[in-house]
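Worksheet: the structure to be examined is printed underneath.
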Amino acid sequence: MKAGEKNLLIFIAVVVGFMLVYRGYQEFTDPDPGIPFYTTASPELKREAEALYKRLKCSKCHALWMVRNMMANVPAPALDGIGSLRSEEWFYRYLSAENPQSILPSRLRPEYRMPSYAHLPEKERRLLAAYLASLKVEDWYLEETRKAEYEKLTGKPYVPKSDE
Ligand code: HEC
């Protein structure tokens, strides 16, 4: 190997080494926070509720686990983290309402609004409510989730509440 080639190799090794150390340092000081959404549901609840969710085609309008039906362009709120915004009792009442818009007003045309699930057996409404309540978001993403939900629901920009 010629001296020039050797120097070039050493140079490359030093640059690559420096880049690796720098990346490691970046990850150390500013770790990727990852996905903020999680569920506290038992595997059984998750399995049963997700089968029901699929059968009832909730995903025609809602995003969950950040998956969205690409064909549907309905501006319904995403359900990721929704259990950190509302309670299981609230979900049960909402799903049981003959007119869900009496609980949560809609800004959408009737065909895009949240349908009533009052006709479902009580067991299924309870199952969905328990699952929705289990869809949590980490604290560091709570305010973002609240903002996205508010803006989807109202079509207006979100103004954080002051503490007074
Ligand atoms: C036809 C579209 C559509 C379908 C299907 C649908 N939703 Fe909705 N949903 C909406 C819309 C739109 C809203 C917002 C309120 C409104 O505009 O009526 C909403 C609101 C909600 C909310 C309240 C969200 C919040 O901001 O607090 C929950 C929870 C919810 N839906 C769960 C479900 C579940 C569970 C299913 C399936 C059983 C389902 N939805 C099926 C359109 C739909």
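Computed from the coordinates by the stated procedures, all read-outs in this text should not be read as laboratory data. It should be emphasised that the depicted structure is a prediction, and the values quoted were computed from it without experimental measurement. Neighbour counts run over all protein chains shown; Cβ positions are idealised from the backbone, glycine included.
A few points about this structure:
- Ranked list, fewest to most other Cβ atoms within 10 Å of each Cβ, for 10, 103: 10, 103
- With the simple spin-label model, which puts each label point 7 Å out from Cα in the Cβ direction, the residue 103 to residue 19 separation comes to 5.4 nm.
- Cβ-based exposure ranking for 139, 80, in which fewest neighbours within 10 Å come first: 139, 80
- Modelled label positions at residue 154 and residue 112, each set 7 Å beyond Cα in the direction of Cβ, lie 1.8 nm from each other.
- In degrees, nearest ten, helix 142-154 long axis to first principal axis of the chain (Cα): 50
- With 5 Å bins from 0: P(r) over the chain, alpha-carbon pairs, percent: 1, 7, 12, 17, 16, 11, 6, 5, 4, 4, 4, 4, 3, 2, 1, 1, 0
- Taking the C-alpha atoms only, the angle from helix 122-133 to the longest principal axis of the chain is near 30 degrees.
- Links that overshoot a 21 Å alpha carbon limit, given the list 57/156; 46/147; 60/156; 123/147; 60/152; 123/152: 57/156; 46/147; 60/156; 123/147; 123/152
- Helix-only [θ]222 nm of the chain, DSSP H runs n ≥ 4, -39500 (n - 2.57) each, per residue, nearest 500: -14500 deg cm²/dmol
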